[in-house]
1. Once you sort the root eigenvalues of the Cα gyration tensor of the range 36-186 as a ≥ b ≥ c, which label holds: rounded (a/c under 1.5), prolate (a/b larger than b/c) or oblate (the other case)?
2. Holding the Cα-Cα limit at 27 Å, pick out from LYS119/LYS154; LYS321/LYS390; LYS324/LYS421; LYS119/LYS223; LYS110/LYS162 the pairs that are longer than that.
3. If DNA, RNA and ligands are ignored and the probe is 1.4 Å, what is the ranking of MET208, MET329 by accessible area, most exposed first?
4. Return the sequence-ordered ³J(HN,Hα) values of the range 184-192 in whole Hz as given by the Karplus equation 6.51 cos²θ - 1.76 cosθ + 1.60 applied to θ = phi - 60°, using x for Gly and Pro.
5. Per the 1.4 Å probe, what fraction of the accessible area of the range 1-60, in percent, lies on carbon and sulfur atoms?
6. Can you find, among LEU90, SER109, THR43, the residue farthest towards the positive end of the dipole of the range 25-140? Put +1 on the C-beta of Lys and Arg, -1 on that of Asp and Glu.
7. Any chance you could run the full-extension gain for ASP25 through LYS421? It's 0.36 nm times the residue separation minus the Cα-Cα distance, nm to one decimal.
8. Based on the Cβ-Cβ distance of MET436 and VAL289, what FRET efficiency does E = 1/(1 + (r/R0)^6) give at R0 = 41 Å, to the nearest 0.05?
Amino acid sequence: MQNLPNDILFNIFAILCADGYTVGDNSAAPWNLARVARRWRQTALSHSSLWANITLSITRSAHLSQCSYLPLALERSGTHPLTFSFRSLLPSSDSAPLKHIIPALVALSKETRRWRSAKFCIPTNVIAILLVELDGPFNCLEEIWLEKLEREFKSQYDFSEKGVGVDLSTLFLDAPKIVDVMCDFDIPFQLPWAQLRLFRYHITSNRMIPYITSIPHLCPQLKVFKAQQWIADRGTLGTITPPAGHAGPAILPHLELANVGLQPLLDLMTVPALKTITVQSSAEDDHIVPLIQRSACYDLEMIIAMKGGPIHVMHLIEEPKFTKLRCLMLMGPSYNPLAIFSALRDRASLPALDAIALHGIGVPHAGEHYVGCFALLRVILEVVQAREFKSVSVGMFSGMCMRYSLRSVDRRLDTSDCLAKLEEQARNRGVDLNIMFCAQNFLGLLGLPGMGNFLN
């Protein structure tokens, strides 16, 4: 190492620092590199790029010392564009942590002209303090994430000019390089729309719906679009129409990933290049098939439907143009897993499909979609034998299922035997298999308390 040229030594340091560093962590690069020898220290301190990828992660009070090291880290990063992540899980009601966190945020706010990627996950009232402090310019900013803490996800905060004293909506309007925006707060940011590639928003208020539903018409270059809502009292949305000056659904020719929790958005988009779509509730599920038909996006590779249904899944299975769909994940009581797996026994149905997950089936209000465990497991066994699956995951709320499948000792033995055969076939064919039941005594009823692959 002593004979290595300085440029080679720097390249090694750059590799060690490529994923960034935690401020003040003397056990990791670049802090520890600057403590080895004089030449190493000179090399580390003379290359500001080694210090420009910063992480502050304050999950307990002992981590607050990171804040005191931040000014030194910023000084050593010189004028290099900054990539940083600031995460604090400490309660915002506790004034002691704020005495450390607020000065650190103020120090960062003075470097906005150097921000390249800025990610914040801190209490809502602290986010408000930060945003009020910011005034740009954001000459280098490419990515901004304003993320809520999980414990505050459904909470509301007044970010209006009346609530915080300034108009935050235009804060990032003059950010010439910004392409990636994520925000969990009800702030209708005005952005340089034409250049955006990734847009992710969570809203908690009905007043944000017109803003969110205007995005497809404003951002023709989007590749990733996620729009979720956590609205306690949604009321009646009524008919959502395209924004003024736009007629019909927006064409998003580059959009590959859509994660939508607001039904009107599905009716306002045409997405011919879509690869993955996720919907979050039954209100959105019914609009997937019309979206697919309108967009002719038959290159879809993954569909995920959460919290209900149905998404007319049989239409998807029976559509011969779906030759690339490889993953199907459905969650909720409205799906008929017996019909789905029965259709999949035909290898011509969704020929590329190699991963399927059906969860939350068989709950008491599922009506005619109750299934017997034995009948379903038998069909799954036939599918595993007939197709080249990599992953099969089924989760059943088994209270009602057991009344069908465990009425007699004979049926219990049938189910036990089917489980054993299914496990053997999955192991022999390299299938990642997970069969999950919610009844605490289900495996005991089957006489299989030791079957580790079947989760209770």
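The values are calculated or read from the model by the stated rules, or taken from the named source; none is laboratory data. Everything numeric in this text was worked out from a predicted model, so none of it was measured. Neighbour counts are summed over all protein chains in view; Cβ atoms, including those assigned to glycine, are modelled from backbone coordinates with ideal geometry. These area figures cover heavy atoms from the full protein model, side chains too; ligands, DNA and RNA do not enter into them. Shrake-Rupley method; radii C 1.70, N 1.55, O 1.52, S 1.80 Å.
1. Oblate is the answer for the range 36-186, as a/c is 1.5 or above yet b/c matches or exceeds a/b.
2. LYS324/LYS421
3. Output order, biggest surface exposure first: MET329, MET208.
4. Values, residue by residue: 9, 10, 7, 10, x, 4, 8, 10, x Hz.
5. Looking at the range 1-60 in its full context, I get 49 percent from C and S.
6. THR43
7. Result for the pair: 137.4 nm of gain on full extension.
8. That pair, MET436 with VAL289, gives E of 0.90.
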